[in-house]
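Peer 1: Below is one structure. I have some questions about it.
All of the numbers you see were taken from the coordinates with simple rules; none came from a lab. Please read these numbers as outputs of a predicted model, since none were measured by experiment. All Cβ positions, even for glycine, are placed from backbone atoms using ideal geometry, and neighbour counts span all protein chains on display.
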Amino acid sequence: MGEYELRQVRRRALALPEVSERLSHGAPCFFVRDKRPLCYFHDDDFDDSDRVSLMCPALAGVAEMLAAARPERFYRPVPSASGVFRDWLGMFLDEPDGDLVDWDKVADIIEDAYRLVAPTRLVARLDGS
């Protein structure tokens, strides 16, 4: 489960400057310069939710707004004891309700996350400067 969704995420994340992929806590994770987490991909074996999802850093308030507006698609990840994931956005990538994933929107969310965690020089490179 989740192979198609992982390919879609992988294609979008690895297109960004200096992004790599490796397993972290048993799940595929994408990192900027192999250090800063950009997004975590989870399929149903991660948390037994029977869902495929992606978690990315987001500006403060964005996760709350999207989760309130579209709880069938977005959620707020539970922060770790150290506060990791506090301002992250979770999104379901599977289609149990028949609602198709907007992969352009997913790409935008990944790019927004990249802009939050990547060094200024890499963001400038993304912008073509």
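Peer 1: Gaussian network model of the chain, Cα springs within a sub-10 Å range: biggest mean-square fluctuation belongs to which of 12, 51, 22?
Peer 2: Comparing 12, 51, 22 in the GNM, the peak value goes to 22.
Peer 1: Another question about this same structure. Give the residue from 23, 117, 13 lying farthest towards the positive end of the charge dipole for segment 3-122; charges sit on Cβ (+1 for Lys and Arg, -1 for Asp and Glu) and the dipole is referred to the Cα centre.
Peer 2: Of the listed residues, the answer is 117.
Peer 1: Pick from 104, 43, 112: which residue has the top mean-square fluctuation in a GNM of the chain where Cα pairs under 10 Å get a spring?
Peer 2: 104
Peer 1: Cut-off is 10 Å between beta-carbons; in what order do 59, 23 appear when sorted fewest neighbours first? Present the calculation step by step, with values, prior to reporting the outcome.
Peer 2: Details: 59 13, 23 8.
Sorted ascending by nearby Cβ count, the order is 23, 59.
Peer 1: So I have (1) 15.8; (2) 14.9; (3) 15.2, and one of them is Kirkwood radius over Cα pairs in Å calculated from this model. Which one is it?
Peer 2: (2)
Peer 1: Taking neighbour counts of Cβ atoms within 10 Å as a proxy for exposure, in what order, fewest first, do 95, 5 appear?
Peer 2: Details: 95 12, 5 21.
Ordered by Cβ neighbours within 10 Å, fewest first: 95, 5.
Peer 1: Another question about this same structure. Find the cysteines in the chain that fail to meet the 4.7 Å Cβ criterion with every other cysteine, and list them.
Peer 2: 29
Peer 1: Which of 58, 107, 13 ends up with the largest GNM mean-square fluctuation for the chain, with Cα atoms connected below 10 Å?
Peer 2: It is 107.
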